[in-house]
1. Can you tell me which residues in segment 363-376 are crowded, with 24+ Cβ neighbours inside 10 Å and aliphatic (A, V, I, L, M)?
2. In segment 95-118, which residues are in contact with a Lys or Arg (Cβ under 9 Å, 6 or more places away or on another chain) and of a type in the set (A, V, I, L, M, F, W, C)?
3. With respect to Leu299, determine if the residue is assigned to a helix (DSSP H, G or I) and free of Cβ contacts under 8 Å to residues at least 40 places away in the same chain.
4. How many of the residues making up segment 27-38 are buried (at least 24 other Cβ atoms within 10 Å of the Cβ) and either outside any helix (DSSP H, G or I) or β-branched (Val, Ile, Thr) (or both)?
5. Of the residues Leu51, Leu56, only one is at pLDDT 85 or above, out of contact with any strand residue (DSSP E or B) (no Cβ under 9 Å at 6 or more places or on another chain) and closer than 22 Å to Arg117 by Cβ; which?
6. Of all residues in segment 9-26, which are modelled with pLDDT of 85 or more and either hydroxyl-bearing (Ser, Thr, Tyr) or surrounded by fewer than 24 Cβ atoms within 10 Å (Cβ to Cβ) (or both)?
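The values are calculated or read from the model by the stated rules, or taken from the named source; none is laboratory data. Here the structure is a predicted model, which means the values were calculated and not measured. Don't worry about glycine lacking a Cβ; one is built from the backbone with ideal geometry, like all the others, and counts go over all protein chains shown.
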Amino acid sequence: MTPFTAILAASASVFPAFLTGALGVQLKADLGISDVRFGFSISVFFGAAALSSVVLGRLGERLGATRAMTSGLAITLLVQLTVAGSVRTYPALLAALFVGGAANALTQTSANLFLARSVPVSQMGFALALKQSGMPSATLLGGLAVPVLAETVGWEWAYATGAALAVAALIAIAAHGPTPDRPSIERRPRQPTARPDLNTSTLLVLATGVGCAAFGASAITTFLVSSAERAGMSPGRAGLLLSLGSVLGIVSRITLGLRADRVTTAMLPKVAALLAGGALGLVMLIPQNPGWHVAAVPLAFGAGWAWPALFNAAVVLANPSAPAAATGVTQTGVYVGAVASPIILGALIDGPGYGAAWATAAAALLFGALVIAIGSTAAGDRPVVAS
């Protein structure tokens with residue numbers, strides 16, 4: 001049950017951001033905000049995560065995985081209830097998302113530690129694939145929330161559903177019990193403090209590459225619904241399209257994780273290849289046509305959003321001494337990309353339009369593929385392969 005506890009935690013902690021993205025049409029109308037201001041609200045969530053990820057990753061090492069995840073999810077629960085019950089202005093939404101983003105940073109890094117200390121190395125790819133499926137799972141639920149809740153009883157109830165998801169994750173963690181002190185991945189010789197095994201420069205290269213990847217991937221979850229609606233789809237159908245893409249993202253992540261445990265080849269070059277495939281999917285979104293939007297989803301989600309499981313597995317396996325601290329560095333890159341994406345692409349949408357935004361996101365994925373390929377070489381003889 002360990003991987004399923006992690007997927008619940010990951011889904012619940014990131015749900016406020018992806019739900020907000022899915023509810024863009026309703027929130028922009030009710031709060032009277034533009035695409036740029038809406039994009040900035042998503043950036044606030046990931047901005048808070050970027051600012052706090054390194055510090056909270058180290059805090060998670062000290063608190064232990066179970067206590068750290070519980071703390072992060074408790075804050076997420078309060079954020080969701082606050083948005084559902086009292087947030088009716090744009091500044092209030094920004095404040096809630098800022099707190100939720102910091103809570104997400106704590107939960108995500110401690111979930112990586114949770115798996116590193118609980119799952120055998122031979123199953124790490126699959127376990128992290130399940131955990132990373134928490135993000136497309138959150139997007140799936142966010143997409144379904146549009147026709148089921150937002151268009152019927154109101155968007156506030158969608159955030160209440162997110163609170164219920166956080167409660168379910170907290171119950172699962174309590175049922176699991178304490179995380180073992182003995183690591184499932186063999187540590188390097190003990191150091192005075194928990195430090196990553198890869199050197200800082202290599203982690204920063206990987207963080208840069210994955211930041212570009214997150215820039216492009218965030219565009220899919222933030223603007224697909226709005227783009228599809230602009231292309232001629234109804235809001236309900238656009239939300240269902242996002243849910244379909246999320247299912248494909250979940251399936252591809254789990255499939256890749258299972259394969260990583262069985263085939264001992266380097267993971268990071270595969271990440272680069274996935275990003276290149278995702279870039280092609282984003283290029284297909286440039287024509288504002290409903291048919292092209294549907295056709296683009298398999299590549300955009302099945303490749304362009306499938307890489308996090310392999311990437312995090314590579315980082316965790318390469319840093320057995322301090323997996324939470326190491327992923328705290330690389331996750332900072334993810335969050336910086338996720339911060340920049342809605343702001344820059346929102347401005348492009350308000351200006352040249354969706355075509356320019358999708359072209360920019362595709363270029364980011366391609367550049368991220370190149371940098372991660374370089375980072376794979378820089379890792380040298382570190383164990384960035386399944387074993």
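1. Step one: filter segment 363-376 for residues crowded, with 24+ Cβ neighbours inside 10 Å, giving 364-365, 368-369, 372, 375.
The answer is Ala364, Leu365, Ala369, Ile372.
2. Correct list: Ala111, Phe114, Leu115.
3. Numbers: assigned to a helix (DSSP H, G or I): yes; free of Cβ contacts under 8 Å to residues at least 40 places away in the same chain: yes.
Answer is yes for this residue.
4. Taking segment 27-38 and keeping what is buried (at least 24 other Cβ atoms within 10 Å of the Cβ), we get 38.
Among the residues that remain, those that are also either outside any helix (DSSP H, G or I) or β-branched (Val, Ile, Thr) (or both) are: none.
Count: 0.
5. Details: Leu51 fails: closer than 22 Å to Arg117 by Cβ.
Testing whether each residue is at pLDDT 85 or above, out of contact with any strand residue (DSSP E or B) (no Cβ under 9 Å at 6 or more places or on another chain) and closer than 22 Å to Arg117 by Cβ leaves just Leu56.
6. Ser13, Thr20
Listed here are the residues, each with its yes/no results for (1) outside any helix (DSSP H, G or I); (2) surrounded by fewer than 17 Cβ atoms within 10 Å (Cβ to Cβ); (3) of a type in the set (S, T, N, Q).
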position: Leu242; (1), (2), (3): no, no, no
position: Asp261; (1), (2), (3): no, no, no
position: Ala272; (1), (2), (3): no, no, no
position: Gln288; (1), (2), (3): yes, yes, yes
position: Gly291; (1), (2), (3): no, yes, no
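So that you can scan it fast, the table gives a plain yes or no per residue for (1) touching a Lys or Arg at 6+ places or on another chain (Cβ under 7 Å); (2) surrounded by 24 or more Cβ atoms within 10 Å (Cβ to Cβ); (3) modelled with pLDDT of 75 or more; (4) not in a loop (DSSP other than H, G, I, E, B):
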site: Arg187; (1), (2), (3), (4): no, no, no, no
site: Asp197; (1), (2), (3), (4): yes, no, no, no
site: Leu206; (1), (2), (3), (4): no, yes, yes, yes
site: Ala213; (1), (2), (3), (4): no, yes, yes, yes
site: Ala217; (1), (2), (3), (4): no, yes, yes, yes
